[in-house]
Structures are given as structure tokens and as C-alpha cells.
1. Counting only heavy atoms of the protein chains, get the accessible area per residue of the chain (1.4 Å probe) and round it to a whole Å² value.
2. If you take the square roots of the eigenvalues of the alpha-carbon gyration tensor of region 133-250 and sort them as a ≥ b ≥ c, do you get rounded (a/c under 1.5), prolate (a/b over b/c) or oblate?
3. Restricting to DSSP loop positions (anything but H, G, I, E, B) with no more than 15 other Cβ atoms inside 10 Å of their own Cβ, which trypsin sites (Lys or Arg not before Pro) remain in region 121-181?
4. Of the accessible area of the chain, with the probe set at 1.4 angstrom, what percent is carbon plus sulfur?
5. What shape does region 180-245 take by its C-alpha gyration tensor, where a ≥ b ≥ c are the square roots of the eigenvalues and a/c under 1.5 counts as rounded, a/b above b/c as prolate, and the rest as oblate?
6. Extending each Cα 7 Å along its Cβ direction at L73 and R238, get the distance between those two points in nm, one decimal.
Amino acid sequence: MCQSDLTAAELERYSRQIGPGVLTPEGQLRLKRATALVTRTGGMGGPAALMLTMGGVGRVILAHGGVLISPDLNRQVLGSEDAVDKLRAPEFAAHLRRMNRFVEIEALDREPDDAEALQLARRCDVILACPPTFEERLRLNRAAVAARVPLIDAAQWGMGGALCVFRPGQTACLECLYPRTPPFEESFPVVGAISAAIGSLAALEAIKILSGSGRPLWGRMLTYDGFRGGVSIIQLTRRLDCACCAGVNS
């Protein structure tokens, strides 16, 4: 994919997001030249990947294993009835390619292990961690710290969600918050609307970081209680004894 200046067709495509209070033309060009990794691309990662693609991030890498099942369709916006029982990654990638011809979509039909996560992190400018399990989230955190790549961690449960934005070497990392892997409930309840909301906010943070626009939530956690209608933002503290990021400087 060409990484030169924005074409007239691209400027037309992104005209509604270029201007005062949104992106500059230079910021849009930085998006075009950027690579984002989204794993997984289900309830939160799907909307995140969709917004990154529609927003003009030049390369979006998806990682999601397994096949689409009917219960996924309450929240996985890249899926469809026609895609049930098919591999999710190629189906989701095809959907995104139909949304924006100017963006390169790369898909892995699996969740990366430690070695592959690090390899992917070194190719990216930002990582959006949207898996359900802490094991996967902490793996991506380790890769982000090792590669010195910003990490946006998204989480959901019921009608609530949380978003953390980490800058390796400067802010806390995910392992500062969870030095021991918490227990995980495999079939946790979730409403699709909260998945889309948190995923879209994750994409917005990534767009801000990549384009140089706005003020990212560096080192903070945003939580949204959709059941009661409450939002809070918490400053996170870096642990000096963190097994992952202690001694790491930017």
C-alpha cells in the first residue's frame, strides 16, 4: 500500500473528520502511515477494528481464532447470519475490506502466543487488547512493554466496561493492576451495546494516539456503569516492583 500523501479520493472520504476539533490533514496522514493490532475482534475488538478501518488507519491487523456461533451475534458487529460456523478472522477481514478500499487488512485465524505477540507488537504503532481472558490480555501487555508500543486494554461485563491506556516506560502497565492472573468466567453475560461502546472508545483512543490529536487517557482507567449510568476516570499508579515493567524507561 502506498504510504505517500493523501490522495484526493482519500481527502474526500475523510473530509468529515478533518477540521477544527478533530484531525488535521497531517494527523490523517499519520493514520494512513500507521499500523494497529486488534486482538480479539469480537464484541469490543470488532467495533474497534471497524472504527479504525473507517477512520483511515493504513493497516489493521486482526487476530481471532475459531468459528462464529449464533450466541456471538448479540455483539459481534463484523459477523452475520451467513457467517455462522465459518472461521471468524477471514469473515471479519472481508467485511472490513468492503468498508474501506484505502486500508490494508491482515488477518490471523488464531490468538497469538508469546513469541508471535511480540513479533506483531514490533510491527505495530498501537495495540488494542480486547480478549476476554486475562491470560491473553497480560500476554499482549508483556509484548507491548517489550516493544515499547502503546497498549489500549478494553474489558466488559454485563452492562459495564472499562478502558485503560498504557504508555510503556511512562505509565503503569496492565500487570501493575493485576500482578496475579484473576479468575475468569468463560460464559460471562454481556449486552452488545456496551461491547460496541467500549470498543469504539478504544478506537478513539488509538486514533488520538496515532494522529497526535486530543489528549489520550495515558495512565488512566475509564469505567462506565451502563446499568446505573455512571462514568469515572481513575489515575493508575505504576508499581515499582512490577514483574513486567519495573526498570523499563521510555
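1. Details: 11600 Å² over 250 residues.
Per residue, the chain has 46 Å² of solvent-accessible surface.
2. Details: a/c = 1.89, a/b = 1.30, b/c = 1.45.
Oblate is the answer for region 133-250, as a/c is 1.5 or above yet b/c matches or exceeds a/b.
3. Numbers: sites: R122, R123, R137, R139, R142, R148, R180; in loops: R148, R180.
Sites meeting the loop and neighbour criteria: R148, R180.
4. Details: 6140 of 11600 Å².
Reported share for carbon and sulfur atoms: 53 percent.
5. On the way: a/c = 1.76, a/b = 1.07, b/c = 1.64.
Since a/c reaches 1.5 but b/c is at least a/b, the shape of region 180-245 is classed as oblate.
6. About 4.7 nm, to one decimal.
The values are calculated or read from the model by the stated rules, or taken from the named source; none is laboratory data. Note that this is a predicted model, so its numbers are computed, not measured. Heads up, the Cβs are rebuilt from the backbone with ideal geometry, glycines too, and the neighbour counts pull from every protein chain shown. Heavy atoms of the whole protein, side chains included, go into the accessibility calculation; ligands, DNA and RNA do not. Shrake-Rupley method; radii C 1.70, N 1.55, O 1.52, S 1.80 Å.
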